[in-house]
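Reading through the structure tokens given below for one structure.
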Amino acid sequence: MGEMIKAPINVQELRRRIYRKAKSDKAHRFWGIFVHVTKIEILRAAYRIAKRNGGAPGIDRQSFDDIEAKGLEAFLAGVRYDLRNGKYQPQPNRRVDIPKGNGKTRTLQIPCIRDRVVQGALKLILEAIFEADFCPNSYGFRPKRSPHRALAEVRRSVLRRMFTVIDVDLSKYFDTIRHSVLLDKIAKRVQDPRVMHLIKQIIKVDGKIGVPQGGPFSPLAANIYLNDVDWTFDAIRRKTAEGNFEAVNYHRFADDIVITVSGHPTKRGWAERALQRLKEQLVSLGVELNQEKTKVVDTWKDESFGFLGFDPRRVRKRQGNGYYILMTPKKKTRLAIKAKIREVIRNGGATPVKKIVADINAALAGWVNYFRVGNASCAFSEVRSYTEMKIRTLLTRRKRRTKRGIGWRRWSNVYLYDVLGLYLGWKLQPLPSAESFTRK
């Protein structure tokens, strides 16, 4: 009965307490945290996050609606019972190939919702510990951080005369994470056999090496794995700075890394040394650089590099002196959104056109929100024209079936936008400064 009387815990407050403890004592190893992972409030919060992120059902084909139809509380109580009694067994992940736009695909592994809830609960607790250890130069999948902030920081570095950019490409990073190394890194902070056992279960679902991309736990694991590398480069940044001016900076978002190095003649050869240092760090982790795609770029000579779906390059301002960083969306990101639109239409079958347009709108809104901070007007008009063409073709095809001849041109923009409600939010918004992100 004891548990029924206790007031429900506040998830944020619990996470704050754990974070404060981790921050104040860097050597503290947490024990007795399995009990937090299995608290009903934590599991409920993990379910809410999983539902908000949406996503398709896993291998058991169970959807959020199915779970709620049978009763959410009973479902959560079942998960909790299995965890606490050592009966929990994750199911295999469902593999889904995502088109990358260049003809290749990336394999995501989708856990079933039950496993997503367990991973989410584990992440809520472990993230509170490891956030205290993470380095400011890592931006991916962390609270209060975003890809836009990472882009703003990289832009600032290049504008602060770090003209040489090492565009780093890691080979199949998530697939090369070594379980023993990851578990050792986690064990430095976690001394709870039941939590360690749960982590092993999650990462071993797919085999002996690698962390499957697609579950809530993977991005946190990826950040823990590279945390020492982040701090090594932060030390290099501090050591090589002269007053307020840095000569080397490092920015990482998950497995996308950019190292910026001063273009000053006295710093010649520093980029090669930084790259060498990175290689040494990665060797011990079993992570390899993709030699063909990793390159040293001279932005002083107008060369561009790739970061988070953009191709930033340094260009002279039209009026007056000075430079700015032009950020155009990469070609493959334009191909990927087109592939997504084709896929929505292809899977549409006999779905009403308005519903198909709503699905296209959802895909476009996410894509546009992400890329609107760059110099994206050409990319936007290209994708917009493509979308209009695809929808007109679909309408014409459907009309033909009803044997009423109607020309392709007859579907005016008024019809597409006012009647079908096609997406209209193609507005650019300049990327805020790096300082404005840190002030938030």
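State, as an integer percentage, the relative contact order of the chain based on alpha-carbon contacts under 8 Å between residues 6 or more apart. If you can, show how the numbers build up before the last one.
Values: 607 pairs, mean separation 71.7, N = 440.
With pairs under 8 Å counted, the relative contact order is 16 percent.
Alpha carbon centre of the range 231-285 versus the range 167-228: separation in Å?
25
Residue by residue through the range 226-238, which ³J(HN,Hα) values in whole Hz follow from phi under the Karplus form 6.51 cos²θ - 1.76 cosθ + 1.60 (θ = phi - 60°), with glycine and proline marked x?
So the J values, rounded to whole Hz, are 9, 4, 5, 5, 4, 5, 4, 6, 5, 5, 4, 4, 5.
Amide H to amide H, which residues 5 or more places from residue 106 or on other chains are under 5 Å from it, using H placed in the peptide plane?
The answer is 98, 100.
Could you check the spin-label model distance between residue 335 and residue 24? Points 7 Å from the Cα along Cα→Cβ, value in nm.
Distance between label points: 5.4 nm.
Note the listed values (1) 41; (2) 48; (3) 35, then indicate which one is percent of Cα pairs over 32 Å apart calculated from this particular structure.
(2)
In whole angstrom, how long is each semi-axis of the equivalent ellipsoid of the range 34-106, when you take the square root of 5 times every eigenvalue of its Cα gyration tensor and sort them from largest down?
On the way: eigenvalues 158, 42, 32 Å².
Each semi-axis is the square root of five times an eigenvalue, giving 28, 15, 13 Å.
Multiply the residue separation of residue 396 and residue 63 by 0.36 nm, subtract the distance between their alpha-carbon atoms, and state the gained length in nm to one decimal. Walk me through the numbers before you get to the answer.
Details: separation 333, 0.36 × 333 = 119.88 nm, distance 3.46 nm.
Additional length available on full extension: 116.4 nm.
5 Å is the cut-off here: which amide hydrogens, built 1.01 Å from N in the peptide plane, fall below it relative to residue 297, excluding neighbours closer than 5 in sequence?
HN-HN under 5 Å from residue 297: 165, 166, 167.
Each residue of the range 283-297 in order: what ³J(HN,Hα) in whole Hz does its phi give by Karplus 6.51 cos²θ - 1.76 cosθ + 1.60, θ = phi - 60°, with x for Gly and Pro?
4, 5, 9, x, 9, 10, 7, 7, 4, 5, 8, 7, 9, 9, 10
Quick check: residue separation of residue 295 and residue 105 times 0.36 nm, minus the Cα distance between them. What number comes out in nm?
66.1 nm
Can you list residues whose amide H is under 5 Å from residue 289's amide H, if they're 5+ apart or on another chain and H is modeled 1.01 Å from N?
Sorted by chain and number, the residues that satisfy this are 171.
How much length is gained if the chain between residue 209 and residue 342 is pulled fully straight, taking 0.36 nm per residue apart and subtracting their Cα-Cα distance, in nm to one decimal? Walk me through the numbers on the way to the answer.
On the way: separation 133, 0.36 × 133 = 47.88 nm, distance 3.46 nm.
This chain segment gains 44.4 nm when fully extended.
Counting other Cβ atoms within 10 Å of each Cβ, which trypsin sites (Lys or Arg not before Pro) in the range 44-86 have at most 14 and sit in a DSSP loop? Mind showing how you got there, number by number?
Numbers: sites: 44, 48, 51, 52, 61, 70, 80, 84; in loops: 61.
Those that pass, being in a loop and sparsely packed, are 61.
Quick check on my link table: of 26/144; 23/123; 123/355; 332/427, which ones sit more than 27 Å apart, alpha carbon to alpha carbon? Show your work: numbers first, answer last.
On the way: 26/144 22 Å; 23/123 18 Å; 123/355 35 Å; 332/427 21 Å.
Listed pairs above 27 Å: 123/355.
Could you give each residue of the range 263-277 its phi-based ³J(HN,Hα) in whole Hz, using Karplus coefficients 6.51, -1.76, 1.60 with θ = phi - 60°, and x for Gly or Pro?
Calculated HN-Hα couplings, in order: x, 5, x, 5, 9, 4, x, 5, 4, 4, 5, 5, 5, 4, 4 Hz.
Based on Cα coordinates alone, diagonalise the gyration tensor for the range 282-440, multiply each eigenvalue by 5, take square roots, and list the semi-axes in whole Å, largest first. Can you show the working numbers first?
On the way: eigenvalues 297, 84, 45 Å².
After scaling each eigenvalue by five and taking roots: 39, 20, 15 Å.
Read-outs throughout are calculated quantities, based only on the coordinates presented, and are distinct from any laboratory measurement. Please read all numbers here as calculations on a predicted model, not as lab measurements. Glycine also receives a Cβ, built like all others from the backbone with ideal geometry; neighbour counts cover every protein chain displayed.
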